[in-house]
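A.B. asks: After the structure tokens below, expect a handful of questions from me.
The values are calculated or read from the model by the stated rules, or taken from the named source; none is laboratory data. Since the structure is predicted, the reported quantities are computational estimates derived from the model, not experimental observations. Counting neighbours? That spans all protein chains shown, and the Cβs are built from the backbone with ideal geometry, glycine included. Each accessible area value is taken on the protein alone, full model and side chains, heavy atoms only, with ligands, DNA and RNA left out. Shrake-Rupley method; radii C 1.70, N 1.55, O 1.52, S 1.80 Å.
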Amino acid sequence: MDSLGYYNGKWGPLDEMTVPMNDRGCYFGDGVYDATCAANGVIFALDEHIDRFFNSAKLLEIEIGLTKEELKKTLNEMHSKVDKGEYQVYWQTTRGTGRRSHVFPAGPSNLWIMIKPILIDDLHKKIKLITIEDTRFLHCNIKTLNLIPNVIASQRVLEAGCQEAVFHRGETVTECAHSNVHIIKNGRFITHPTDNLILRGIARSHLLQACVRLNIPVDEREFTLPELFDADEVLVSSSGTFGLSADTIDGKNVGGKAPELLKKIQDEVLREFIEATGYAPAWSRV
Ligand SMILES: Cc1ncc(COP(=O)(O)O)c(C=O)c1O
């Protein structure tokens, strides 16, 4: 099977799966999710993603009817049913099933899993970004299903022939539509702190840990649009996109001033992935 869908114990080819109309995910987007990449039969950084998933659910008072270990087992079991290759493993839980009513229904939450092929992004390639005012709500630290501003931003990105949108609140850079954003300046790695304005990206954490191992100073602090445009390097990160660097933002040239430091960091996060999965993406072998 090249893709798989799972819903409350039933599973099958992803495109053939259906869900009940009364699932609260369908009309309120009342749920949380998490996602990571997998290769060679190994789901990367699974414990960290499961921890964040349980934390998101807790912050929204969603009762997940299984333990972390049980979820891990189910995800691994489902992942073992797809062909070997590079995958995204995505799961979400929605706050139960019932006729539309704002107050919480009794009963356990629903578990959905979606596994589909992806390609781990080539760290050698440069990407193009655009900037968009961040008009999202103030709970961006919770990985909720409510991603409409992110969806619209991603459409603008596609129309602009670019790869990601950098959100900003006024002058302050926050994160991207589906990644975190970081800058390198004067040998320091600078990234927005893990407050309520960004998602605490797992790939972000791995970049920070790589910097610590490499003795590169890290500043978790707010940075501004002028700092972004003036940075020595601009990176975006997400699971499957470990730390891609940008060469233009809004059509203006950026970065490219600390290629050696950038490569050191990228090589380190890639090394960690290869060590954990025993799998080197094709582009890393040439
Ligand atoms: C808004 C947003 N920020 C950051 C990230 C990066 O998170 P991670 O590194 O855990 O994939 C994502 C990934 O889905 C995201 O949607």
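A.B. asks: Inside segment 137-168, can you point out the residues that are within 13 Å of the ligand (Cβ to nearest atom), part of a loop (DSSP other than H, G, I, E, B) and open to solvent by 30 Å² or more (accessible area, probe 1.4 Å)?
C.D. replies: If the condition is that a residue be within 13 Å of the ligand (Cβ to nearest atom), part of a loop (DSSP other than H, G, I, E, B) and open to solvent by 30 Å² or more (accessible area, probe 1.4 Å), then Phe137, His139, Asn141, Leu145, Asn146, Leu147 are the ones that fit.
A.B. asks: Checking the structure you have, find out if any residue of segment 90-100 is modelled with pLDDT of 95 or more, in a loop (DSSP other than H, G, I, E, B) and β-branched (Val, Ile, Thr).
C.D. replies: no
A.B. asks: State whether the residues of segment 6-17 include one that is in a strand (DSSP E or B), free of Cβ contacts under 8 Å to residues at least 12 places away in the same chain and open to solvent by less than 40 Å² (accessible area, probe 1.4 Å).
C.D. replies: Yes.
A.B. asks: Check Asp247 against each of (1) in contact with a Gly (Cβ under 8 Å, 6 or more places away or on another chain); (2) away from the ligand (no atom under 16 Å from the Cβ); (3) open to solvent by less than 20 Å² (accessible area, probe 1.4 Å) and name the one condition it does not meet.
C.D. replies: Only one criterion is unmet by Asp247, namely (3).
A.B. asks: Report, by residue number, each residue of segment 169-207 that is within 14 Å of Glu233 (Cα to Cα), among the polar types (S, T, N, Q) and away from the ligand (no atom under 14 Å from the Cβ).
C.D. replies: Within segment 169-207, just Asn186 meets the criteria.
A.B. asks: Can I ask one more? Between Glu164, Glu133, Glu171, Glu86, which is acidic (Asp, Glu) and without any contact (Cβ under 8 Å) to a residue 40 or more places away in the chain?
C.D. replies: Sole residue among the options that is acidic (Asp, Glu) and without any contact (Cβ under 8 Å) to a residue 40 or more places away in the chain: Glu133.
A.B. asks: Phe189 passes all but one of (1) open to solvent by less than 10 Å² (accessible area, probe 1.4 Å); (2) at pLDDT below 95; which number fails?
C.D. replies: (2)
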